[in-house]
Amino acid sequence: MPMHEAMLYERQKDNKVKCNLCARRCLINDGAIGFCLVRKNEEGILYSKVYAKAISAAVDPISKKPLAHFNPGALVMSIATAGCNFRCQFCDNWMVSQETEATGKYFPPAEVVKAARQRNCQGISYTYTEPTIYMEYAYDTAKIAHQVGLFNTFVTNGYMTTEAVKTIAPYLDAATVDFKGGGDPDFYKSYSAVPTVEPIYECLKELQRSGIHIEITNLVIPKIGDSMDRITEMATWIRDALGRETPFHLLRFHPDYKMTTTPSTTVEIMEKAYMTARNVGLNYVYVGNLPGHPAENTYCPKCNELLIKRYSFEITQWKLAKEMRCPVCNHQIPIRGKLHPSGAPFPYALF
Ligand code: SF4
């Protein structure tokens, strides 16, 4: 499979190139690859090594991304390639995100869209690994998806440059932006090899300016990433910069990859984190990876009525009235798209 020329790079002297896709802005020597391991400079031209090379493809419920306020109940064709621009020691997809050989199965954009339609998906999600690093593949797929009426969502660490957001924005409908450890810069340096967190906030602002639906997650990790002060800071930033209606998901850590000796986050800490974010004034705070917990549900911020009941990725009760209004006090709940009662078989992997 021939390599595909990359988007968003600049030629420099001595056949070097500067990649402007993510905030690392790697300066790559002739013959070398970028930090994400999947972008290669060959004689002054930057190529993607993973264009149309999916390492994983599956039909997922949209709630798994997680997106709770965007086309609830929808199914999404989820694709990923190898590679990542982070080195999270707790990554639960590390076998593909830290893959060094850019392996994968040929799955060109038109085939992804075709497969999505055949399996009754309403959208496509670029997920599991970081979609920024396979932007060319995501961009071409997203464009075709829009042509046939499918939506597109990114699950991203938010390390995209403003130029990258502007590039994908015409075809991107929703984004889940994942923080870890409350956005603590020292945590990012120590556990994810990320030099600065500022670009994530810039990316979020650009996503919002572009009219893309945003939901934010934060992975709460015992001891090293469970500071309530950090959660207060993050929730405050979300409230003030993006608005109190922005859904905020607090995700429970479970041991993985290089952090198998760190225990799962306790329910007590998760509940404390939930209350901390609620007390800042965010209207829609959720906990994730705690199936059956009441904080998986959506409540009316005005009258506290239970509106959407969930169990893990499933909606078990839907009580919203027309135009996504609370049936008790008529308050409008910010949900984009519509409810998709899928009735589909349990999500499954294609490969
Ligand atoms: S996308 Fe890859 S090559 Fe480009 S700046 Fe980020 S890590 Fe470097």
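Checked against (1) part of a loop (DSSP other than H, G, I, E, B); (2) away from the ligand (no atom under 14 Å from the Cβ), SER63 passes all but a single condition, namely (1).
I'd like to know if the range 53-60 contains one or more residues that are open to solvent by less than 40 Å² (accessible area, probe 1.4 Å), in a loop (DSSP other than H, G, I, E, B), within 7 Å of the ligand (Cβ to nearest atom) and hydrophobic (A, V, I, L, M, F, W, C). No; the residues of the range 53-60 include none that is open to solvent by less than 40 Å² (accessible area, probe 1.4 Å), in a loop (DSSP other than H, G, I, E, B), within 7 Å of the ligand (Cβ to nearest atom) and hydrophobic (A, V, I, L, M, F, W, C).
Note on the range 92-210: enclosed helices (runs of 4 or more DSSP H) holding 3 or more residues that are at pLDDT below 95 are 94-97, 185-192. In the range 21-48, the qualifying residues are those that are more than 22 Å from ASP140 (Cβ to Cβ) and among the acidic types (Asp, Glu), and the one that is nearest to the ligand (Cβ to nearest atom) is ASP30.
For the range 9-20, the tally of residues that are open to solvent by less than 50 Å² (accessible area, probe 1.4 Å) and more than 8 Å from the ligand (Cβ to nearest atom) stands at 1.
Screening the candidates PHE86, PHE90, PHE154, PHE107 for the property of being more than 16 Å from SER48 (Cβ to Cβ) and open to solvent by 10 Å² or more (accessible area, probe 1.4 Å) yields one hit, PHE90.
Considering the range 248-322, the qualifying strands (runs of 3 or more DSSP E), each wholly inside and each with 1 or more residues that are open to solvent by less than 40 Å² (accessible area, probe 1.4 Å), without any contact (Cβ under 8 Å) to a residue 40 or more places away in the chain and of a type in the set (A, V, I, L, M, F, W, C), run over 248-252, 285-288, 306-311.
Please determine whether any residue of the range 155-170 is of a type in the set (A, V, I, L, M, F, W, C), within 28 Å of THR261 (Cβ to Cβ) and over 17 Å from the mean Cα position of the chain (by Cα). Looking through the range 155-170, none of the residues is of a type in the set (A, V, I, L, M, F, W, C), within 28 Å of THR261 (Cβ to Cβ) and over 17 Å from the mean Cα position of the chain (by Cα).
Okay, residues lined up against (1) over 18 Å from TYR137 (Cα atoms); (2) without any contact (Cβ under 8 Å) to a residue 40 or more places away in the chain:
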| site | (1), (2) |
| --- | --- |
| THR161 | no, no |
| LYS166 | no, no |
| LEU172 | no, no |
| PRO185 | yes, yes |
| VAL194 | yes, no |
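Can you confirm whether the range 38-47 contains a residue that is surrounded by fewer than 22 Cβ atoms within 10 Å (Cβ to Cβ) and in contact with a helix residue (DSSP H, G or I) (Cβ under 7 Å, 6 or more places away or on another chain)? Checked the range 38-47: at least one residue is surrounded by fewer than 22 Cβ atoms within 10 Å (Cβ to Cβ) and in contact with a helix residue (DSSP H, G or I) (Cβ under 7 Å, 6 or more places away or on another chain).
When the residues of the range 225-246 are filtered to those that are open to solvent by 50 Å² or more (accessible area, probe 1.4 Å) and not in a loop (DSSP other than H, G, I, E, B), the one that is farthest from PHE151 (Cα to Cα) is ASP229.
One residue stands out among those in the range 210-224 that are of a type outside the set (Val, Ile, Thr) and within 19 Å of the chain's Cα centre (by Cα): the one that is surrounded by the fewest Cβ atoms within 10 Å (Cβ to Cβ), which is GLY211. Within the range 35-47, residues that are more than 16 Å from THR100 (Cβ to Cβ) reach partners that are within 9 Å of the ligand (Cβ to nearest atom) and not in a strand (DSSP E or B) with beta carbons closer than 7 Å, at six or more positions or on different chains, in the pairs LEU46/ALA6; TYR47/ALA6. The set of residues from the range 1-31 being part of a loop (DSSP other than H, G, I, E, B) and either more than 22 Å from GLU130 (Cα to Cα) or out of contact with any Cys (no Cβ under 9 Å at 6 or more places or on another chain) (or both) comprises MET1, PRO2, MET3, MET7, GLN12, LYS16, ASN20, ASN29, ASP30, GLY31.
The values are calculated or read from the model by the stated rules, or taken from the named source; none is laboratory data. All of these numbers come straight from a predicted model, not from anything done at the bench. We place every Cβ from the backbone using ideal geometry, glycine too, and count neighbours over all the protein chains shown. Accessible surface areas use protein heavy atoms only, side chains included; no ligands, DNA or RNA. Shrake-Rupley method; radii C 1.70, N 1.55, O 1.52, S 1.80 Å.
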